[in-house]
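The values are calculated or read from the model by the stated rules, or taken from the named source; none is laboratory data. For clarity, every value in this text was computed on a predicted model and none was experimentally measured. Cβ placement follows ideal geometry from the backbone for every residue including glycine, while neighbour counts extend to all protein chains displayed. All accessible areas refer to the heavy atoms of the entire protein, side chains included, with ligands and DNA or RNA removed. Shrake-Rupley method; radii C 1.70, N 1.55, O 1.52, S 1.80 Å.
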Amino acid sequence: MMSNKLLIKLINYYQLFISPMLGNNCRYYPSCSEYTKIQFELNNPLIALIKSFKRILTCNQLFKGGIDYPVVEKKLQNVEYKKIQVKYWLIPIKNQKNKYIVIKENQ
């Protein structure tokens, strides 16, 4: 199976060279390619692939679309607080242990 880094590089290539030629057709925010990239950065490859495939299948006129941030499962332990540059915000989901909505920081 391909590594996450290689898949993320392929997605970056798609976003830079292929997506601009196709136009802004995604029914979701963040776009399906950005959603997939976040999934592969924060989940194991199999789960990321399944969630991304499901998202892409629903990106058509038969589904409403809208805002759909990725949800990841993370166990946060021994958190040390220091000032850092934030790439993602993990927002806890009420009544779901270790599950978070992912919001990407604009940079």
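Points 7 angstrom from Cα along the Cβ direction at LEU16 and SER3: gap in nanometres?
Label-label distance for LEU16 and SER3, simple model: 1.8 nm.
For the stretch 1-64, take the alpha-carbon Rg, divide it by the Kirkwood Rh, and send me Rg/Rh.
Using only Cα positions, Rg/Rh for the stretch 1-64 is 0.97.
What is the magnitude of the charge dipole of the chain about its Cα centre, with +1 placed on the Cβ of each Lys and Arg, -1 on the Cβ of each Asp and Glu, and no other charges, expressed in debye to the nearest 20?
In debye, rounded to 20, the chain gives about 260.
Assuming R0 = 25 Å, what is the FRET efficiency of LEU57 and GLN85, from their Cβ-Cβ distance, to the nearest 0.05?
Efficiency at R0 = 25 Å is approximately 0.15.
Taking all pairs of different Cα atoms in the stretch 49-107, averaging 1/r and flipping that mean, what Kirkwood radius in angstroms comes out?
13.9
Pick from LYS74, LYS94, LYS51: which residue has the top mean-square fluctuation in a GNM of the chain where Cα pairs under 10 Å get a spring?
In the Gaussian network model the winner is LYS94.
Loop-only GluC sites (Glu not before Pro) in the stretch 13-107, please: DSSP not H, G, I, E or B, and at most 14 other Cβ atoms within 10 Å.
GLU80, GLU105
State the extension gain, in nm to one decimal, for the chain segment bounded by ASN98 and ASN44, taking 0.36 nm per residue of separation less the distance between their alpha-carbons.
In short, 17.9 nm is gained.
Return an integer: the convex hull volume of the alpha-carbon atoms of the chain, in Å³ per residue.
Cα-based convex hull of the chain, divided per residue, equals 136 Å³.
I'd like the distance separating the alpha-carbon centroids of the stretch 47-107 and the stretch 1-28, in whole Å.
18
How much net charge surrounds ILE67 when only other residues with a Cβ under 13 Å from its Cβ are counted (Lys, Arg +1; Asp, Glu -1)?
With Lys, Arg at +1 and Asp, Glu at -1, the neighbours total +2.
Run the accessible area of the stretch 1-80 with a 1.4 Å probe and give the carbon-and-sulfur part as a rounded percent.
C and S atoms contribute 62 percent here.
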